[in-house]
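Input: a single structure, listed below in structure tokens.
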Amino acid sequence: MKKLNDQSIDRIALMMGQLFKPHPWHGISIGKDAPEILTVFIEIVQTDTVKYEIDKVTGYLKVDRPQRYSNIIPSMYGLIPQTYCGRKTADYCMEKTGKKGIKGDSDPLDICVLTEKTISHGDLILEAIPIGGFRMLDGNEADDKIIAVLKDDAIYGKFADIDKVPETVIDRLQHYFLTYKEIPGSATPKCEITHIYNKAEAHEVIRRAQEDYLNRFGQIAKKLTDLLKEQVE
């Protein structure tokens with residue numbers, strides 16, 4: 001029996017990454033330059049008439065629901081790996097809105113990525129630059145939507161902050177999120193956007209979601225590392 005050193009652990013981790021598909025939420029790094037530049041997992045694109053999302057257990061894309069009405073997402077949409085909307089995210093929402101009793105939605109942080117390119121399918125990763133976001137409430141849950149641009153995009157890549165994006169683009173995004181869960185004729189809106197915020201606030205939301213992730217899942221990562229460090233034949 002011998003103990004594994006750090007170099008052996010790194011080799012095993014690399015081998016596992018080559019042999020097995022990483023979980024989009026837990027197995028893909030957010031990126032070394034986060035929150036300025038993020039690695040993002042895209043679930044749905046503008047041409048999708050079905051809403052897909054990752055299955056939290058397996059990491060595979062699943063059908064969440066067919067879109068029953070005509071509202072189609074006006075950007076790529078997905079999640080920021082290794083983030084979690086928990087207590088710190090909810091506290092920031094309450095601080096900014098003055099509302100009480102808000103909790104995180106217990107999901108990874110959502111992100112919309114703007115690009116001039118036509119990308120035909122989701123289930124892919126890309127690099128994106130956050131420029132702002134929507135402070136959205138789904139009932140009493142914080143459900144922020146980070147707005148980003150595709151890194152090096154010829155058109156949207158020049159927008160350094162959300163106030164540089166054409167108002168019509170922001171209006172379309174707002175309309176989608178305010179209506180995508182609604183049944184026509186419903187008297188009570190399910191979702192509310194309280195603020196549109198800039199890049200600096202988006203960075204703070206992302207940092208807090210990273211902290212929430214470490215608080216929620218950090219012990220799991222530590223246990224996996226400890227297992228690798230155990231004696232092996």
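Of these, ILE170, ILE147, ILE111, which one is part of a helix (DSSP H, G or I), among the β-branched types (Val, Ile, Thr) and under 15 Å from ILE73 (Cβ atoms)?
After applying the criteria, what remains is ILE170.
Out of the residues in the range 18-69 that are among the small types (Gly, Ala, Ser) and modelled with pLDDT of 90 or more, state the one that is farthest from LEU124 (Cα to Cα).
For the range 18-69, the residue satisfying everything is ALA34.
For a quick check of your reading of the model, give me the residue pairs whose first member lies in the range 131-149 and is touching a residue at least 24 places away in the same chain (Cβ under 8 Å), whose second is in a strand (DSSP E or B) and polar (S, T, N, Q), with beta-carbon atoms closer than 9 Å and at least 6 apart or on different chains.
From the range 131-149, the pairs are ILE131/ASN198; GLY132/ASN198; GLY133/ASN198; PHE134/THR194; ARG135/THR194; MET136/THR194; LEU137/THR194.
The values are calculated or read from the model by the stated rules, or taken from the named source; none is laboratory data. All of these numbers come straight from a predicted model, not from anything done at the bench. So basically every Cβ, Gly included, is an ideal-geometry build from the backbone, and we count neighbours across all protein chains shown.
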